[in-house]
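Q: Dumping the structure here so I can ask a few things about it.
FYI, it's all coordinate maths here, none of it is from the lab. What you are looking at is a predicted structure, and each value in this text was computed from that prediction instead of being measured. Here the Cβ is made from the backbone with ideal geometry for all residues, glycine too, and neighbour counts use every protein chain on show.
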Amino acid sequence: MFALPQVASIFSALLIFPLSVALADNEKPRVFEKAGNIFIERRVETQKLTNNGKDPVVSPDGKRVAFNRKIVDKECSRDKNLCLEELWLLDLETRAEKRLLELRVDSQDLKIVIREFKNKIFSIDSQTLYFETWLGVAPGETEKGFSRAVHAVNVNGESERFITFGGNPRIVKSAKKNPYGPHISLPGHLVVEKHKEFFPEGIYYDTYWLVSPKGKARVDAGINMGYLTDVFGIELTERVSSASKVLA
């Protein structure tokens, strides 16, 4: 409903390189940000992918890169600084770009508000992109102390949706134990951090939650991530930052 697909000209935004190099051996590439541009590194070669991009994340199948793009001379009605970024997707085979989402700040509904595209991570099948956004409020300003939310959008630019309140989404890659039985598959679920409680003194803490891809809460694991690894044997997919550091 809110997605804004837009295929950009690959000649206006990219420097084109031989596809045989970019797709060698179907290996997962390393992408990184440098001086406001995004680069790809395979073996000993480094190639420039965009003329404007930041915070790149590679899909598990190595076929796409999601990134944020600064939009010059674009303003919001209420906060000029917030509409300077959009969420984009780059196809590494065709080098075509697609705009997935713009920010949305002019809403009182916290499930609709998108003020940033942070902590991006792909689903294990590479077809969905999850991200975190700040809601523009402090933890104590909402009824349940929420100040962040997780959204998702399909890689074709469709079906953008609110998933759950919370942040720092990570994806379950595998689970050795499943108390829910065969009708519920834990791989593909999310682990998010939610505000557990807020105190007037300004103190709050986060707990880890196991959440379905549609946002259904399964388990409150408390403040210790070890509960999920010990009880369910959960292994999470890796999220790599633009500095190529694996984030826990």
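Q: If amide H atoms are built 1.01 Å from N in the plane of the peptide, which residues on other chains or at least 5 residues away come under 5 Å of the amide H of A96?
A: D91
Q: Show me 173-179, 106-112, 154-160 ranked by packing, highest mean number of other Cβ atoms within 10 Å first.
A: Per-residue Cβ counts within 10 Å, averaged per peptide and sorted highest first, yield 154-160, 173-179, 106-112.
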